[in-house]
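One structure is given below, encoded as structure tokens.
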Amino acid sequence: MSEFSESPTARPSNLPEFSVSEVSQAIKRTLEGSFERVRVRGEISGFKRAASGHLYMALKDSDAVLDAVCWRGQAGRLSVAPEDGLEVVAIGRITSYPGRSKYQIVIDSLELAGEGALLKLLEQRRKALAAEGLFDEARKRPLPFLPDVIGVVTSPTGAVIRDILHRLQERFPRHVLIWPVLVQGEGAAEQVAAAIRGFNALESGGAVPRPDLLIVARGGGSLEDLWAFNEEVVVRAAAESQIPLISAVGHETDTTLIDFASDRRAPTPTAAAEMAVPVRSDLLGQLQDLERRLTGAAGRLLTHRRSEVAGLGRGLPDPVRLLGELNQRLDERVERLDLAVRGLLRQRGQEVTGLAARLPDPRQQLRRAREVLSDRCERLETALAGQVRRSGRDLAEIAGRLPGLAGRQVPQRAQDLRRLEAGERLARALERRQRDCDAALRELGRLLESYSYHSALERGFVAVRDAEGAVLTRAGQIAEGQRLELEFRDGRLPAVTGRHGGAGGDPPKPRRRSKASAAKPAQGELL
């Protein structure tokens, strides 16, 4: 064989040559054509949500792994939120990702596998009840701090009730009422709902005490085992309960619909007992600590207030000195008030005296008015009498001279007589007018008497006149040694001013006579 013989690799071939992209695209078309739309069941693994909103995960079973992706536009419409460990049925199309030589499924929708039917029903029921507002936070009531009676709805033969009673005994022993029910199987939901409503139907103060708190408890189990607590009748009974309710169904990872409707969810029945009552020893310790703090705070406050009062007391002046100054000021004000009142009375007396001096004597005015009225009445009576006499003489003269005309003159004279009678009525009217005028004069006389200075003299005032009889109303009008005339209510007396008189001079103050200087009667001798 020659050394230049051909190697097998150098042999010419009839196979076509493809680029990497062409191979990748051919594989992509083959996959998408063979698996246009499929349902793949598997467990979610490695789930993550990219910043772009796309979802990336892997579906796996015991023998293989299939990458999966859900684009952002479809991720918001998934009925099941993907998470690691969740077994689902993914519906979509198989394709490849040439950038990494991988094939994957593009998910359009997700369904729960295995228990998918129950979970789907559970989710639908949860949404319907939530839409009615049964799960609203506003409906939830606060738990009592230390309930006197606790009602427990559970099976009386299970370990749950023993755990609850043991935990309550350790923390804070309370009176417990147990309503035995089935917690699994046929009729369990109806019994649990009846127990909740039965506790609420108890009356306060009855033979069976009404609980202050309810605990609905059950141990862990599968979804089918806990399904009684997902029934609508149980959820509605829990939402309608007027007694605060704690749900403690299953383990911490188990979630039932009663957990949403209850006032508080406990992860385990033991945790429910811990939520129901506080620790007695902790409360006693807390009370003792609060007592010590309160006592200390009260002592410190009293000490601080005592120091403040002492400091304020040092800054205050002597109260005895303050009272002395105030008493002195009060005496001064009383003395000034007394002088002011006396001065005001003197001023008003002088004003009344001057007014009385300027007014005419009401008695004289009354006498003059009566004299004028009497004179006018006499003149009126004289004129009326003369008129009557003249009318009589004229009538007699005419009757004597003209007998024949008497018949014609009688009506006219009768009319004259009537006029005379009217004159008499006028006289009576004048008499009444005179009486009215007398009454008016008497009223004016009383009014003048009230304004007269004589009434002031009757009340104890004195009118001061000089030698010419002029009334003096001010002290400045009086000179030392001036002769005066003092008019009292019962007469007048002459007087002469002393050395204290003069313009602007105030009357001397009477000197007070002390009790010590008063003359004491002499004591006679015994022998």
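Values quoted throughout were computed directly from the atomic coordinates according to the rules given, and no laboratory measurement underlies them. Values in this document were obtained by computation on a predicted structure and should not be read as measured data. Every residue, glycine among them, receives a Cβ derived from its backbone with ideal geometry; neighbour counts consider all protein chains shown.
Numbers at a glance
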quantity: Isotropic mean projected area of the C-alpha convex hull, region 165-275 (nm²); calculated: 6.6
quantity: Neighbour net charge for L301 - beta-carbon separation under 13 angstrom, K R +1, D E -1; calculated: +3
quantity: Two-decimal log10 I(q)/I(0) for region 186-241, as the Debye equation yields it once each C-alpha is a single scatterer, q = 0.19, 0.25, 0.27 Å⁻¹; calculated: -0.70, -1.01, -1.11
quantity: Low-density loop positions, GluC sites (Glu not before Pro), region 180-225 - DSSP coil, at most 16 other Cβ in 10 Å; calculated: E186, E203, E224
quantity: Normalised contact order of region 20-114, rounded percent, pairs of Cα under 8 Å and 6 or more residues apart; calculated: 31
quantity: Label-point separation in nm, A427 to V341, each point 7 Å along Cα→Cβ; calculated: 6.3
quantity: For region 89-152 versus region 191-254, the gap between their alpha-carbon centres in whole angstrom; calculated: 23
quantity: Exposure proxy ranking, count of Cβ atoms within 10 Å, fewest first, for Y453, Y97, Y103; calculated: Y97, Y103, Y453
quantity: Sites E458 and R305 - FRET efficiency at Förster radius 56 Å, r taken between beta-carbons, to 0.05; calculated: 0.25
quantity: Long pairs among K48/K127; K48/K102; K60/K102, criterion Cα-Cα beyond 20 Å; calculated: K48/K127
quantity: Relative contact order (%) - region 147-282, alpha-carbon pairs under 8 angstrom, separation at least six; calculated: 29
quantity: D (Stokes-Einstein, µm²/s), Kirkwood Cα radius, region 20-114, 1.567 mPa s at 4 °C; calculated: 95
quantity: Calculated on alpha-carbon atoms, Rg and Dmax of region 55-190 in Å; calculated: 23.6, 71
quantity: Candidates per GluC sites (Glu not before Pro) in region 11-103, loop by DSSP, up to 13 other Cβ within 10 Å; calculated: E17, E36, E83
